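The values are calculated or read from the model by the stated rules, or taken from the named source; none is laboratory data. Note that the coordinates shown come from a computational prediction; the quantities given were computed from them, not determined experimentally. No Cβ is skipped: glycine too gets one built from the backbone with ideal geometry, and neighbour counts run over all protein chains shown. Quick note on the areas: whole protein, heavy atoms, side chains included, nothing else; ligands and nucleic acids left out. Shrake-Rupley method; radii C 1.70, N 1.55, O 1.52, S 1.80 Å.
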Amino acid sequence: MANIHVIDDESSVCWAIEKLGTKLGHEVRVASTAEQGLDLLQESRPDLMFLDVRLPGMSGLEALPKVKSIVPDTPVVLITAFGDLEVAVEAVRQGTFDYLVKPFSVEDIQTVIDRALTQQSEITEVRPASVSADLVGTSSSMQEVFKRVALAASSVAPILIQGESGTGKELVAQAIHRYGPRHERPFVAVNIASLAPSLIESELFGHVRGAFTNAIQDKRGFLQLANGGTLFLDEVAEIPLPTQAKLLRALEQREVVPVGGAVGEKTDFRIVCASHQDLSECVKQGTFRHDLLFRLNTFRIDLPPLRDRREDVPPLVHHFLNLLEKEYGKPLRISAAAMEELQGRPWYGNVRELRNAIEHAHILARSGVIEVEHLPAAVSKAWFDRSDDEGSIEENLAREIGAWTRNRLSVGDSENLWARFQALAEKEMLQELLQQCDGQYLAIARVLGIHRTTVKKKCEQYGLLSPDQKDD
């Protein structure tokens, strides 16, 4: 039997935890203020404490250091109706076991009780600081993100952030750095997709004078510039395979060799990566090294799309309105109808699209009140995902060809590469045309713009002839 203390000014919360705890065979004692809770500690030492953040008089966060000084080994679970990143970071900083966001279920309470009574928290301290207000959300999925950000910040391990475009991956990386032990050192952000493929290696590792044409002087790369701090690589899946191998070596050896150089430079940085692509799928497709993925994916944070957390739309809208008010120096409001319209949209562009919509509406709302008619038209999924368009098919094909080429080069299998690619492409195309053109070589020749005899020879070469095919 365990001794559980509940410090909360809501009688319904105290009643629910007390009833469940008693049912599980534990002794539960309750208090409605932090001061009463501290007095309760003098009477009995609990095995677990539930502590509300907002209490009359002394707050839960103010009482927490006093609680930890009296019962340092007791797991403390914070309870809050206003879950945000500040609470999560403060909870981790002060060594709390977990925190619950109201409203929570009986199952949530039981899960926390079971975990707390069978294990001790090993969360290390995180530096207190002002948090980026750009990370906004009250949904359960965002509360989980806040928890993982706080935990990630407490270490220097590599972090992988996965999420659709516009979900705030760089903001998460910035928060991890800001709350981490290297917060006073550089935060170097690099969007790999914005770099020319031929220059990625030079930009990351630097180069020495004369390494290539126009390399007229030595240049330090992003890895050297991030020394002592955090290196954030956005769209990490876009790194070419040969450069991936060099990055892996740099991470393993903690040494950077510039392009054209022979001597490495010792460096020490914390790496945080992000991608909107599933890197596991990239590994299967041969475009990303599995050993590099293992090295980067020590701790993963998945950002949910905005359409899966619609309850976060109102706080995000008000956040953006506040930013605009500060920038333009005049109050800005939104009607209930406009807010309802925003909550009903799918937001395939996620938070970035929502912010753009608010800024668009602000320009039109001359009276200071955003109405439905001020909002831009909803953007369709086809605008973001053109997988059914002919142009997109061609782009995908080009990417697949590039991926196949990189894969062959990375494994040292590049002999007769052009002939092998040609054979792959020709066979697939001829096979499809034989079906579409009912096996008629002349029709195929017209489609391909080559001679009928050439079509026949190619079909024979790839073993595509069959007795029922017509030789016209």
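Do any GluC sites (Glu not before Pro) in region 396-468 lie in a loop, going by DSSP, with at most 16 other beta-carbon atoms within 10 Å of their beta carbon, and if so which? Please list the in-between numbers first.
Details: sites: E400, E415, E426, E428, E432, E460; in loops: E415.
The qualifying sites are E415.
Under 18 Å Cα to Cα from K284, which aspartates and glutamates show up? Leave out anything in the same chain fewer than 8 places away.
The qualifying aspartates and glutamates are E235, E238, E400, D413.
Could you state the number of Å between the C-alpha centres of region 141-164 and region 264-294?
If you average the Cα positions of each part, the centres end up 17 Å apart.
Hey, which aspartates and glutamates would be in cross-link range of K66, C-alpha to C-alpha under 13 Å, not counting anything within fewer than 8 residues on its own chain?
Within the straight-line limit of under 13 Å, K66 reaches these aspartates and glutamates: E35, D39.
Which far-off residues, 5 or more places away or on another chain, put their amide H under 5 Å from the one on E255, with H placed in the peptide plane?
Here the answer is T267, since their amide H atoms fall under 5 Å of that of E255.
Given V257, Q244, H290, which one lies farthest toward the positive end of the charge dipole of region 201-355, if we put +1 on the Cβ of every Lys and Arg and -1 on the Cβ of every Asp and Glu?
V257
When the Karplus curve 6.51 cos²θ - 1.76 cosθ + 1.60 is applied with θ = phi - 60°, which whole-Hz ³J(HN,Hα) does each residue of region 258-267 get, with x for Gly and Pro?
x, 4, x, x, 10, 10, x, 10, 5, 8
Using Cα positions and a limit of under 21 Å, work out the lysines in reach of K169, with same-chain residues fewer than 8 apart set aside.
K147, K381
Skipping prolines and chain starts, which residues have an amide H placed within reach, meaning under 5 Å, of the one on G206, given they are 5 or more residues away or on another chain?
G221, F222, V259
Can you give me the convex hull volume of the Cα atoms of region 138-257, divided per residue and expressed in Å³? Walk me through the numbers before you get to the answer.
Working: hull volume 13.5 nm³, N = 120.
That works out to 112 Å³ per residue.
In debye, nearest 20: dipole of the chain around its Cα centre with unit charges on the Cβ of K, R (+) and D, E (-)?
Values: 52 positive and 68 negative charges, 271 e Å.
Using Cβ point charges on Lys, Arg, Asp and Glu, the chain gives about 1300 debye.
Going by average Cβ density within 10 Å per residue, which order do the peptides 250-261, 107-118, 48-59 take, highest to lowest? Please list the in-between numbers first.
Details: 250-261: 17.0, 107-118: 15.3, 48-59: 19.8.
Descending mean neighbour count gives 48-59, 250-261, 107-118.
Return the carbon/sulfur percentage of the accessible area of the chain, one whole number, probe 1.4 Å, all protein chains in place.
Details: 12270 of 24240 Å².
Its accessible area is 51 percent carbon and sulfur atoms.
How large is ³J(HN,Hα), in whole Hz, for each residue of region 236-241 in order, when computed from phi with the Karplus curve 6.51 cos²θ - 1.76 cosθ + 1.60 and θ = phi - 60°, using x for Gly and Pro?
Using θ = phi - 60°, the values come out as 5, 5, 7, 6, x, 4 Hz.
What relative contact order, as a whole-number percentage, does the chain give when Cα pairs under 8 Å and 6 or more residues apart are counted? Intermediate results must be reported in sequence, preceding the final value.
On the way: 741 pairs, mean separation 49.7, N = 472.
In percent, rounded to a whole number, it is 11.
Would you please report the Å³ per residue occupied by the convex hull of the alpha carbon atoms in region 1-100?
Working: hull volume 8.4 nm³, N = 100.
It comes to 84 Å³ per residue, whole-number rounded.
So what's the net charge close to D413: Lys and Arg +1, Asp and Glu -1, counting the other residues with Cβ under 14 Å from its Cβ? Mind dumping the intermediate values first?
On the way: positive: R406, R408, R420; negative: E415.
Every neighbour counted, the sum reads +2.
Nothing charged except the Cβ atoms of Lys and Arg (+1) and of Asp and Glu (-1): what's the magnitude of the dipole of region 313-469 about its Cα centre? Round to the nearest 20 debye. Walk me through the numbers before you get to the answer.
On the way: 19 positive and 23 negative charges, 75 e Å.
Computed charge dipole of region 313-469: roughly 360 debye.
Distances longer than 38 Å among the Cα atoms of the chain: what percent of all pairs is that? Before the final figure, lay out the partial values.
Details: 51369 of 111156 pairs.
Looking at the chain, the distances longer than 38 Å represent 46 percent of pairs.
Hey, what do the phi angles of region 408-416 turn into as Karplus ³J(HN,Hα) couplings, whole Hz, using 6.51/-1.76/1.60 and θ = phi - 60°, x for Gly and Pro?
4, 5, 5, 9, x, 10, 10, 5, 6
Would you mind getting the accessible area per residue of the chain, heavy atoms of the protein chains only, 1.4 Å probe, in Å²?
On the way: 24240 Å² over 472 residues.
Roughly 51 Å² per residue, with all protein chains present.
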